[in-house]
Amino acid sequence: MNDIEGTVRAGLHDMADDVGWSPLDAGEVVSRHRRARRARAGVVAVVAAVVTVVSVPTVAGSLGAAPTRPGGDVATPGGPVPDATAQREATAQRDEAVEVVGDLTEAEMVQALAEFAADRDRQRADAVVLGECLTAAGWQVTVHRNGVEWQGTALSSAAYEASMTTCRAAQPARPPLSEVALRVVYADYLAAHTCMVAKGFAPAEPLDEAAFIASGGAGWYPETGIPEERAAAASRQCPTRAR
Amino acid sequence: MRGTHEAFSSFVREHSPSLMRTAYLLTGDRGHAEDLAQTALAKAYGHWSRVEAADQPVAYVRRLMVNAHLSWLRRLASTEQVVERVPDPGTDDGHAARALGGQLRDALRELSPRVRTAVVLRFYDDHSRAETARLMGCSVSTVDNHVTRGLAALRRLLADDPELVPARTRTHLEETP
């Protein structure tokens, strides 16, 4: 086997050296990085749309279960029934997600997706419990995938918020996401942030990734720094998979 | 920021040819090689502080490149057909005249992408088995399996043209049952 190893080694060097390679242009590389960063927002949104309707255990609900934002209790109803095409698309988009956080190994990405799936399950279970608690307190609420929806009036909102605070306090804390999963969340948030800037919003500068991870994913959101009255619009136009 | 850009530019000048050589062996195509190396460097630029903090920044970028390469192949496999061979480049990059290099290029094209990647990382970049496993995101035993299969296939393919295989290798092959 050593003979063939030597032959292969020599042949590989011959082959690689036989083509002249000039250094790449760093400016072009940086431009490519910026184009890719702008494009990520679109990719991320597609991933979110596809993976949340898939029933594959390691993919279902992925990236949709990042740490809940303050006030993020309302969600839209579930998507269409999953089919084989959606599953294939989800697999392809999952690989896009790997591309988004290209320095993660495939095993790490699978670990992160499994965490998101488990976290999503807990989030759904929590939503049911939260809905029951609010109903018991006298509120009419609708339970969605990862939260509850209440159609109230300004007059009653303070009382509702008080009930919500009480009910939330009674809920068990969800276990924190791992560093690997938080890196995926950070990439997701960063893409949304880039999208917001491109659309003319003025969010605060992103938190450093290390600080974001140290905060357990709660130290920064893409819309941080945008005035309250515009934050919802920014989030709608540049959604993350956390919603 | 200016310091970052200068450091990155210097890194690209110094290391991009080496990265493209590896990329060329992985993809079998000059255009794809440049694209792959550029993709890896663009990702590296996005995490430049992490790259600079790495023990071996070049190894870090090489890992990004291998990940990107295998990711492309996975995406192709899930959206088209399973790609077991790289497409013919269609143009002569000038290396065909070099007998062993040209013959090896044809033989490499017969290997599956993961097997080819393992062979290139082990015998061109001289990575250890453990480092190759880390770069490919798999176990050492999987790397061993890929390398064994790759070398067996290359030995068979290269032996088909005795004019291009060193005599020592041919003798060894003839003695192998």
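The values are calculated or read from the model by the stated rules, or taken from the named source; none is laboratory data. Just so it is clear, the structure is predicted and the values come from calculations on it, not from any experiment. Using ideal geometry, Cβ is built from the backbone for each residue, glycine included, and neighbour counts are taken over all protein chains shown. Each accessible area value is taken on the protein alone, full model and side chains, heavy atoms only, with ligands, DNA and RNA left out. Shrake-Rupley method; radii C 1.70, N 1.55, O 1.52, S 1.80 Å.
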Filter region B:127-156 down to residues that are closer than 18 Å to B:M65 by Cβ and more than 16 Å from the chain's Cα centre (by Cα), then give me how many there are.
0
Quick one: which of A:A173, A:A204 is of a type in the set (A, V, I, L, M), in a loop (DSSP other than H, G, I, E, B) and within 20 Å of A:A118 (Cα to Cα)?
A:A173
Considering only region A:212-219, I want to know if a residue exists there that is surrounded by 14 or more Cβ atoms within 10 Å (Cβ to Cβ), in contact (Cβ under 8 Å) with a residue 60 or more places away in the chain and assigned to a helix (DSSP H, G or I).
no
For residues that are open to solvent by 60 Å² or more (accessible area, probe 1.4 Å) and at the interface with chain A (Cβ under 8 Å from one of its Cβ atoms), scanning just region B:24-34, find the one that is modelled with the lowest pLDDT.
B:R30
Determine which single condition B:G102 fails, assuming it passes every other condition in (1) modelled with pLDDT of 85 or more; (2) assigned to a helix (DSSP H, G or I); (3) within 11 Å of chain A (Cβ to nearest Cβ).
(1)
Identify, from the list A:A41, A:A36, A:A26, the residue that is closer than 25 Å to B:Y45 by Cα, modelled with pLDDT under 80 and facing chain B (nearest Cβ under 7 Å).
A:A36
Qualifying residues in region B:35-49 (those that are part of a helix (DSSP H, G or I) and at the interface with chain A (Cβ under 7 Å from one of its Cβ atoms)) - the one surrounded by the most Cβ atoms within 10 Å (Cβ to Cβ):
B:A37
Yes/no for B:E6 being modelled with pLDDT under 80, over 23 Å from B:G150 (Cβ atoms) and open to solvent by 30 Å² or more (accessible area, probe 1.4 Å)
no
Count, please, the residues in region A:1-23 that happen to be outside any loop (DSSP other than H, G, I, E, B) and either within 7 Å of another protein chain (Cβ to nearest Cβ) or closer than 30 Å to B:K43 by Cβ (or both).
14
